[in-house]
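Colleague: The structure follows.
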Amino acid sequence: MASFDEAPLVQCRDGWRYAQAHSTIVSEFDLVCVNAWMLDLTQAILNLGFLAGAFTLGYAADRYGRIVIYLLSCFGVGVTGVVVAFAPNFPVFVIFRFLQGVFGKGTWMTRYVIVTEIVGSKQRRIVGIVIQMFFTLGIIILPGIAYFIPNWQGIQLAITLPNFLFLLYYWVVPESPRWLITRKKGDKALKILRSIAKCNGKYLSPNYSEITVTDEEVSNPSFVDLVRTPQMRKCTLILMFAWFTSAVVYQGLVMRLGIIGGNLYIDFFISGVVELPGALLILLTIERFGRRLPFAASNVVAGVACLVTAFLPEGIPWLRTTVATLGRLGITMAFEIVYLVNSELYPTTLRNFGVSLCSGLCDFGGIIAPFLLFRLAAIWLELPLIIFGTLASICGALVMLLPETKGIALPETVDDVEKLSSPHSCRCGRKKKPQVSSSHL
């Protein structure tokens, strides 16, 4: 028996037969035995595409416009997704899955920045959380799609084809007025602002007839700008760690469902439902207590829950499930808050690039999460929870060092961000008479 276990794997000449009735990428491309590692590669490649999209399309959205890059990304996700569904071989599948990740990152981050920049400071928290609620809704309905569609190509098309419908947003969603102003396109910005005011039954103040911007506000974004000044550097490093932690812990807890047994469809559905109260808790807390305290508390709750779950005896499964659920709820809240805080801490000329770059650490976390989970679980099943708990607890302490952004206008320049550290700073905008600066929008 020992010699049998040590025997090398050889390729099966007659192919494989699979027990499951439905088609998967494993059965499609025979990702078993010596090719089993390729299954992990497909997820890593997707996250690598997200990372590449953060650097490329995040920069492009700050330079060429939010809505243009968003629509281009939607079209790209649709086309590459269709190719993935009908890929004739594994190399084509992997290449276009990578490209779908690139464009997926463009849609993911750009739409959040568009909404954040169009609405006022009082509405930012609501629309930001509502966006994340739809992400949770997608998680909830995904098991149903996977259950009723018998093959992976059908599932791929079901989540891909709706992206073509989003191209209709060209006639519905305007370009960000803030971005237009920073690119010295004040006339177009005023036209959009008048249209928004008309829809709201209001009139645009005559003071907005002339808008000026500084040279800093029209500069092209670069990574150096994110770390050039002390406050920007601190925010960037902490936010990067927060994104990384959220991805590793969140994806790790989700994938852990697959190694602890149970019905995967039901467990995945329940894990999605658990996230819904997180959005409600955020809405109830971030306006009353600010951004930092709920951000820190959610990370700490997730961290402590992971650590406690790891050491709870298996004989009381109801308690382990309850504590683990609190951990999932905590990291979900942290994941949703980091979107809002990240967009509020960067100036307009750097916002899309900064959010995309920082969230690139989320994609890096997504790349290593499966390897971290499965390798550590092979040593001790609960060891990943120790790592998750430690990361989340450290993150909870670090985010308290970020400036509070509750109730302030979005910063327009790096100098505005530096002023956020001042206890007397309540607005980012700088008044200019008789002209109106873009920071008053």
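So that you can scan it fast, the table gives a plain yes or no per residue for (1) small (G, A, S); (2) in contact with a Lys or Arg (Cβ under 6 Å, 6 or more places away or on another chain); (3) more than 30 Å from R63 (Cα to Cα); (4) modelled with pLDDT under 80:
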position: M255; (1), (2), (3), (4): no, no, yes, yes
position: G272; (1), (2), (3), (4): yes, no, yes, no
position: F289; (1), (2), (3), (4): no, no, yes, no
position: G315; (1), (2), (3), (4): yes, no, yes, no
position: V323; (1), (2), (3), (4): no, no, yes, no
position: I331; (1), (2), (3), (4): no, no, yes, no
position: N342; (1), (2), (3), (4): no, no, no, no
position: T349; (1), (2), (3), (4): no, no, no, yes
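Colleague: Oh, and also: Can you name every residue in segment 186-232 that is outside any helix (DSSP H, G or I), surrounded by 14 or more Cβ atoms within 10 Å (Cβ to Cβ) and at pLDDT below 80?
Modeller: The answer is L204, I211, V213, T214, S219, P221.
Colleague: If you don't mind, there's one more thing I want to ask. Yes or no: segment 347-361 includes at least one residue that is over 19 Å from V417 (Cβ atoms), within 16 Å of the chain's Cα centre (by Cα) and of a type in the set (A, V, I, L, M, F, W, C).
Modeller: The answer is yes; a qualifying residue exists.
Colleague: Here is a follow-up. Identify the single condition in (1) surrounded by fewer than 20 Cβ atoms within 10 Å (Cβ to Cβ); (2) at pLDDT 90 or above; (3) over 18 Å from the mean Cα position of the chain (by Cα) that A52 does not satisfy, given that it satisfies every other one.
Modeller: If we test A52 against (1) surrounded by fewer than 20 Cβ atoms within 10 Å (Cβ to Cβ); (2) at pLDDT 90 or above; (3) over 18 Å from the mean Cα position of the chain (by Cα), just (3) comes out false.
Colleague: Looking at segment 299-322, can you tell me whether even one residue there is closer than 18 Å to R124 by Cβ and crowded, with 17+ Cβ neighbours inside 10 Å?
Modeller: Checking segment 299-322: not a single residue is closer than 18 Å to R124 by Cβ and crowded, with 17+ Cβ neighbours inside 10 Å.
Colleague: Out of everything in segment 349-405 that is of a type in the set (V, I, T) and either farther than 28 Å from Y112 by Cα or touching a strand residue (DSSP E or B) at 6+ places or on another chain (Cβ under 8 Å) (or both), what residue ends up being surrounded by the fewest Cβ atoms within 10 Å (Cβ to Cβ)?
Modeller: Result: I379.
Conditions tested, residue by residue: (1) touching a residue at least 40 places away in the same chain (Cβ under 8 Å); (2) among the polar types (S, T, N, Q); (3) assigned to a helix (DSSP H, G or I); (4) surrounded by fewer than 20 Cβ atoms within 10 Å (Cβ to Cβ).
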{"position": "Y70", "(1), (2), (3), (4)": "yes, no, yes, no"}
{"position": "F75", "(1), (2), (3), (4)": "yes, no, yes, yes"}
{"position": "F96", "(1), (2), (3), (4)": "no, no, yes, no"}
{"position": "Q100", "(1), (2), (3), (4)": "yes, yes, yes, no"}
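Colleague: Just wondering, is there one or more residues in segment 156-166 that are in contact with a Gly (Cβ under 8 Å, 6 or more places away or on another chain), farther than 25 Å from G65 by Cα and polar (S, T, N, Q)?
Modeller: Yes, the conditions are met somewhere in segment 156-166.
Colleague: Could I ask something else about it? Limited to segment 53-68, what total is found for residues that are of a type in the set (A, V, I, L, M, F, W, C) and within 18 Å of V172 (Cα to Cα)?
Modeller: Qualifying residue count, segment 53-68: 2.
Colleague: Scan segment 156-185 for residues that are over 27 Å from F86 (Cα atoms), in contact (Cβ under 8 Å) with a residue 24 or more places away in the chain and exposed (fewer than 15 other Cβ atoms within 10 Å of the Cβ) and jot them down.
Modeller: Across segment 156-185, the qualifying residues are Y170, K184.
Colleague: Do the conditions hold for T110, that is, is it surrounded by 15 or more Cβ atoms within 10 Å (Cβ to Cβ), at pLDDT 90 or above and under 20 Å from the mean Cα position of the chain (by Cα)?
Modeller: The answer is no for T110.
The values are calculated or read from the model by the stated rules, or taken from the named source; none is laboratory data. No experiment lies behind these values; they were computed from the predicted model shown. Every residue, glycine among them, receives a Cβ derived from its backbone with ideal geometry; neighbour counts consider all protein chains shown.
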